[in-house]
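This report refers to the structure that appears directly beneath it.
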Amino acid sequence: MMPFSEFHLHPDLLKGIRELGFTRPTPVQAETIPAAMDGRDLLACAQTGSGKTAAFLLPILHRLMARPRRTTRALVLTPTRELAAQILEDLNALAVHTPLTGAAVYGGVGMGPQEHAFRAGVDVIVATPGRLLDHATRPYAKMGGLEYLVLDEADRMLDMGFLPDIKRILRHIPAHRQTLFFSATMPAPIGALAADLLKHPVTVNLQRRSAPAVGITQAVYPVPQPLKAALLVELLQRGILQQALVFTRTKHRANRLTEHLVRHRIEAARIHGNRSQRQRTEALAGFKDGTYPVLVATDIASRGIDVEALSHVVNFDVPMAPDDYIHRVGRTGRAELTGEAFTFVASEEESDLKAIERAIGRTLPRVTLPDFDYRAAGPQLEVPRGERLAAMRRQRAGGRRGTSGHGGAGGRHPGSGRRPPRRR
Ligand code: AMP
């Protein structure tokens, strides 16, 4: 694939890109950036983890560079405060060698600094719809100078009930503008909104590309605890995973998972503390020679396994100790890679994941598997219906204020189970 330099982006942006370690554009970036730089509207189907944030930021930043002035000219709408904060962080990194400025506007924090950002005329505002509307009627919140509008994770914004807010916001924005529309899925209401907002858009559909994008070898799958086994089966059946060493927190979970895989006709062996040396050796040899495409192991058993040559490591549970993650996935604290590593994270494991991200010094991309039913209810669900509904209601209420507490692609999934007792 072509290098970034072929986009003719402003040299100051290319410098930021290089420093971020991006060598080649991801497929979404390759397909969207040239069209957006030409000033075209964009309708892009892209997952979190695809590199979509840079895909919409880079062309906008590039075009803003041509005519810097003290007016807010770009607005990014995104469903949650975590995403808003993340996008601003990406913006600051990409624009570090430019004079361009950005600010995030979301609920749950004071209005004062956000008002200041409006008054200062930062170049780009990244906002959740609810909080943006709180500002919109104030005289300082001038939106008449906007030339670029991005809808990020449009499907999720609609799921969270933001459609009326978005429509209200649109009344404050000039009709003559460039609009970049990103959504992981394209159900009918999204199509309708896109048709409303976009003028002769260039359409990019990479929905089928569910594996993390080129150049991204570590990814996080946010998934409710009870659906982890189903997600693993799906990744294997779709061929996204062909061979995988899968780590679970406990022996019990290793046993249950292995049984689940075998029930779904996936050859799997397991190793953990209760297995004899002979059984372990047999399992490991069978895995290495391909008899078993999947080897399930507990954290403890992992210490003796040479994972260097493996194509895929799956952390079925988030490792409690960041060192375990680094040991499995990368050789150094900066996590240079040995292969692809997927980590399944239930909402209650987010804090352990944060500790890992701090230890490796980067945020891992969140990925959702297209067409996987993240809301499936079934015999596997361990949380009673009443509790699930309450969680859903909390999510709605939180989202409306722009305070939904989950930055991952899957949102805060209803039906998240509890962390199992620590047992090995
Ligand atoms: P996103 O889909 O925007 O959430 O991006 C997912 C992750 O991929 C982020 O951590 C980005 O920093 C990273 N990323 C974006 N573009 C590239 C690229 N061209 N090469 C390597 N990593 C990238």
Eligible lysines near Lys142 by straight Cα distance, threshold 30 Å, same-chain separation 8 or greater: Lys52, Lys167, Lys199
The aspartates and glutamates whose Cα lies under 18 Å from the Cα of Lys15, excluding any fewer than 8 residues away in the same chain, are Glu6, Glu89, Asp90
Calculate the spin-label point distance for Glu348 paired with Gln279, positioning each point 7 Å from the Cα along the beta-carbon direction, and give it in nanometres. 2.7
Fraction of the pair-distance distribution of segment 50-96 above 12 Å, Cα-Cα pairs, percent: 65
Find out how many positive minus negative residues lie around Arg18, taking Lys and Arg as positive, Asp and Glu as negative, among other residues whose Cβ is under 13 Å from that of Arg18. 0
Burial ordering of Thr137, Thr248, Thr368, fewest other beta-carbon atoms within 10 Å first: Thr137, Thr368, Thr248
Using a Förster distance of 25 Å, the FRET efficiency for Thr291-Asp371 (Cβ separation, nearest 0.05): 0.25
Give the peptides 39-52, 351-364 in descending order of average Cβ contacts within 10 Å, highest first. 39-52, 351-364
Computed for segment 4-204: size of charge dipole around the Cα centre, +1 on C-beta of each Lys and Arg, -1 on C-beta of each Asp and Glu, debye to nearest 20, value 640
Please provide three numbers in whole Å: the alpha-carbon extents of segment 4-204 along the principal axes, with the largest listed first. 42, 39, 29
Highest average packing first - 122-134, 57-69, Cβ atoms within 10 Å: 122-134, 57-69
Leaving out same-chain residues fewer than 8 places away, which lysines sit with a Cα under 24 Å from that of Lys251? Lys228, Lys288
Can you work out the FRET efficiency for the pair Ala390 and Arg263, with r the C-beta to C-beta distance and R0 = 56 Å, to the nearest 0.05? 0.95
Contour excess over end-to-end distance, with Cα ends at Thr23 and Glu6 and 0.36 nm allotted per residue: 4.9 nm
Packing-ranked peptide list from 195-202, 178-185, highest mean Cβ count within 10 angstrom first, is 178-185, 195-202
Quick one: Ser5, Ser276, Ser347, fewest Cβ neighbours within 10 Å first, how do they rank? Ser276, Ser5, Ser347
Using just the alpha carbons, could you tell me how many Å³ per residue the convex hull of segment 92-211 encloses? 145
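Read-outs throughout are calculated quantities, based only on the coordinates presented, and are distinct from any laboratory measurement. Predicted model only: the values in this text are computed from it and were never measured. Quick reminder, even Gly has a Cβ in these numbers, built from the backbone with ideal geometry, and neighbours come from all protein chains shown.
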